[in-house]
Structures are given as structure tokens and as C-alpha cells.
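As C-alpha cells, the structure follows; a few thoughts come after it.
The values are calculated or read from the model by the stated rules, or taken from the named source; none is laboratory data. Remember, predicted model here, so these are calculated numbers, not experimental data. Glycine gets a Cβ as well: all are built from the backbone with ideal geometry, and neighbour counts include every protein chain shown.
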Amino acid sequence: MSVSILGGGAFGTALAVAIGQQRPVTIWARNPETLLSTRQSPRLPGVSLPDAVTVNPNLKAALGADVILFSMPMQSLTGFAEQIEDGLTGKALVACCKGIDLNTLRGPTDILAQQWPDATAAVLTGPSFAVDIANGLPTALTLACRDDQLGIKMQEQLSTRALRLYRTVDVTGAELGGALKNVIAIACGACIGQGLGDSARAALMTRGFAEIARLAQHLGADPSTLAGLSGFGDLVLTCTSEKSRNYRFGQALGRGETFDDDTTVEGVKTAAAVTALARKLSLEMPICEAVQNVSQGASVTETIQSLLNRPLKEE
Ligand SMILES: NC(=O)C1=CN([C@@H]2O[C@H](COP(=O)(O)OP(=O)(O)OC[C@H]3O[C@@H](n4cnc5c(N)ncnc54)[C@H](O)[C@@H]3O)[C@@H](O)[C@H]2O)C=CC1
Ligand SMILES: O=C(CO)COP(=O)(O)O
């Protein structure tokens with residue numbers, strides 16, 4: 001199975017570095033100049049692509065692979081997919097983005113499946129910072145594919161000695177866990193940024209996990225997926241590490257500081273999407289709604305007060 005990665009940002013480059021340690025892989029980037037000339041991505045400085053990685057600026061050629069990884073931000077996925085005319089029949093399309101599309105309230109595999117109904121859409125998600133993967137540190141991810149036979153083949157192709165892929169057929173659970181943990185990470189960052197302490201963060205993580213489970217199970221996810229790498233695992237990583245851009249964005253909100261606009265912070269648009277989705281489905285998701293409000297400029301202090309003032313209830 002030949003493999004292409006579309007997207008030369010931090011995650012796409014890290015995956016190319018990891019997979020390229022063991023087998024040939026192609027990477028396509030929208031702005032490939034730096035990758036071509038230095039074999040490094042500006043989003044992942046200091047990490048060079050191994051020889052087995054081919055940087056191909058020709059998208060059509062990259063689309064010829066059997067397995068195609070889509071590694072761009074969630075809100076770019078629809079526009080990117082729509083500009084591709086090829087049918088991609090029979091190919092495995094693996095979404096590597098974490099989020100919910102704000103216009104359609106769909107996840108990445110739905111978007112890929114709608115654009116390419118004759119291909120198989122899957123998702124690669126779970127706890128991993130690009131820099132850790134690129135540095136060859138041990139990492140475990142979830143590969144979710146409804147076609148388990150194809151999932152088994154991809155699991156073998158994409159795993160390396162350091163990057164260990166677990167498999168599931170629960171695409172909905174894997175995708176929603178990865179999308180929503182970013183929203184909860186913003187909440188946790190804001191909590192720590194405000195100086196509210198580790199106990200408050202633990203409460204947000206736990207009640208945030210309950211919100212993730214509420215939405216995901218309503219949409220058909222298996223609870224065991226949410227308890228796995230793509231849910232609980234990624235929630236823990238992202239809510240507790242300053243390597244996370246979502247967490248750092250939340251910290252900046254909590255401290256009343258500005259944050260670099262050019263940094264990919266998936267949780268902001270996901271908070272807006274999930275708030276809309278929760279309203280549509282009549283589900284209560286107060287932490288996600290709070291993150292949506294503070295991202296839109298509401299006071300962090302007042303928003304936290306209104307979370308604390310909610311009626312007492314059973315756990
Ligand atoms: N960086 C990380 O540690 C991890 C990131 N992810 C996920 O991977 C996805 C991508 O994130 P990063 O690579 O970190 O972001 P990034 O900001 O480092 O890179 C994004 C890349 O996407 C490209 N891009 C944006 N719009 C595009 C379009 N319309 N067409 C083609 N390329 C486009 C940009 O040029 C850039 O190279 C996100 O959904 C993120 O949640 C998942 C796991 C780890
Ligand atoms: O998804 C990630 C870790 O699993 C990366 O988190 P950030 O996008 O918050 O940096």
C-alpha cells in the first residue's frame with residue numbers, strides 16, 4: 001500500500017518523519033518551498049524529513065497513493081476536498097484533523113465520505129504532539145475505520161516501532177473524542193490561567209469528559225472508545241500540557257493576554273460547532289458553551305461564576 005500525506009504543517013510533517021523511518025511515503029504541501037529546499041517544515045523547526053520521504057508538490061500525483069492522509073486544519077478540509085476533481089475510487093482516506101466543521105456540523109470522515117462516496121473514510125487520532133512523534137518518542141494512536149479488514153492493513157502499514165496504532169471500527173467515537181477534547185483543553189487552560197488551581201482543572205476535565213460522552217453516545221459512539229486513547233487519553237494529554245496550543249490559548253484567555261492568530265487552535269471553532277449541535281439535539285453541554293462564550297469575548301471570571309452557579313445535581 002502506497003501512502004501519501006496531504007498537508008505540510010506540524011502533524012503532517014511529523015507523520016511523514018515517523019512513517020518515513022520504516023517505509024517510503026510522499027508528502028504534499030500547499031506551500032512546499034521550504035520543505036523542498038530544507039526538508040523541514042516551518043511548523044516543526046529542527047526536524048528533517050528522512051530520505052524515504054518524497055516531497056511532491058504535484059497534488060494529482062500525491063492522490064495516486066492507496067492510502068491518503070488528510071492533515072490540514074478541520075475548517076480547511078471541506079474547501080480543500082471540493083477543489084479535487086478525482087474520484088479517489090477504492091482509496092483509503094484518513095482524516096488526521098480534530099474538529100467539527102462549523103458550516104455543516106459534520107466530522108472529517110463525513111466530509112471525506114460525502115466528497116468521495118466510492119472511497120473508504122477513516123480517522124487517525126489520539127494523544128500525540130507532533131514534536132514527540134517527530135522526535136521518535138513512543139506514541140499510541142487510534143486508527144478508526146468501519147471496514148475492519150482495511151483497518152488491519154492500514155494499522156500494519158502506518159505503525160512504526162515508536163508509533164503504535166490501535167484499531168477500532170467506532171469512527172464516530174474516535175472522531176468526537178478528538179474533536180471535543182480540544183474544547184475542554186481551552187477550558188482547562190483558562191482555569192489555570194485564572195489561577196483557579198489543579199482541583200478545579202480536574203473537575204473541568206471530568207465534567208468535560210461527561211459532556212463528550214453525552215454527545216458522542218447520543219450520536220452512536222461506543223463508551224469504550226471514549227475511555228480509550230482518542231477520548232480519555234487525548235483529553236488528559238491536552239488538558240495538562242503546555243505543549244498543547246488549545247491549552248495555551250485557554251491560558252492566555254484566563255490571563256487576559258492575546259494569542260498568536262496564526263496558531264492552529266481547533267477548539268475555538270469546534271466550541272461554536274458543538275454548541276450549535278448540542279442545541280439542535282437538545283443536549284446540555286455547559287462547559288463547551290462556556291468556552292464558546294469566552295472565545296467570543298465573554299468575561300472568563302463571570303463565565304466561571306455562572307458555571308459554578310448552576311443548580312446542584314446528581315453526578
Ligand atoms: N500538531 C499536533 O501536535 C497535532 C495536530 N493534530 C491535528 O492535525 C491537524 C493539523 O494541525 P497541524 O498540522 O498541527 O497544524 P499546522 O498549523 O502546523 O499546519 C496546518 C497545515 O495545513 C495547511 N493548510 C491549511 N489550509 C489548507 C488548505 N486549504 N489546503 C491545503 N493545506 C492547508 C497549512 O498550510 C499548514 O501547512 C489539526 O486538526 C490538529 O488538531 C493532531 C494531532 C497532533
Ligand atoms: O491533538 C493534539 C494532541 O493530541 C495537539 O493538541 P493541540 O492542537 O492543542 O496542540
Practice prompt. Can you confirm whether region 159-171 contains a residue that is in contact (Cβ under 8 Å) with a residue 40 or more places away in the chain, of a type in the set (Lys, Arg) and crowded, with 21+ Cβ neighbours inside 10 Å?
Written response: no
Discussion item. Considering only region 73-83, I want to know if a residue exists there that is surrounded by 22 or more Cβ atoms within 10 Å (Cβ to Cβ), away from ligand 1 (no atom under 14 Å from the Cβ), of a type in the set (A, V, I, L, M, F, W, C) and outside any loop (DSSP other than H, G, I, E, B).
Written reply: no
Discussion item. Any residue at all in region 155-170 that's modelled with pLDDT of 95 or more, touching a Lys or Arg at 6+ places or on another chain (Cβ under 6 Å) and in a loop (DSSP other than H, G, I, E, B)?
Written reply: yes
Worksheet item: Mind checking whether some residue in region 20-42 is of a type in the set (S, T, N, Q), under 13 Å from Ala134 (Cβ atoms) and within 8 Å of ligand 1 (Cβ to nearest atom)?
Response: yes
Item to complete: Those residues that are in a helix (DSSP H, G or I) and among the polar types (S, T, N, Q), I need them from region 20-51; list them, please.
Response: Thr34, Ser37, Thr38
Worksheet item: For region 154-171, what are the residues that are of a type outside the set (S, T, N, Q) and within 23 Å of Ala134 (Cα to Cα)?
Response: Met154, Glu156, Leu158, Arg161, Ala162, Leu163, Arg164, Leu165, Tyr166, Arg167
Worksheet item: Limited to region 103-124, what total is found for residues that are surrounded by fewer than 17 Cβ atoms within 10 Å (Cβ to Cβ) and either in a loop (DSSP other than H, G, I, E, B) or within 10 Å of ligand 1 (Cβ to nearest atom) (or both)?
Response: 5
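Could you grab me the full set of residues in region 1-15 that are more than 19 Å from Met74 (Cα to Cα) and surrounded by 16 or more Cβ atoms within 10 Å (Cβ to Cβ)? Before you say what the answer is, go through the steps one by one.
As a first pass, look at region 1-15 and keep what is more than 19 Å from Met74 (Cα to Cα): 1-3.
Scanning region 1-15 gives a single hit, Val3.
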Worksheet item: Would it be correct to say that Val53 is in contact with a strand residue (DSSP E or B) (Cβ under 9 Å, 6 or more places away or on another chain), modelled with pLDDT of 95 or more, surrounded by 18 or more Cβ atoms within 10 Å (Cβ to Cβ) and more than 16 Å from Ile133 (Cα to Cα)?
Response: no
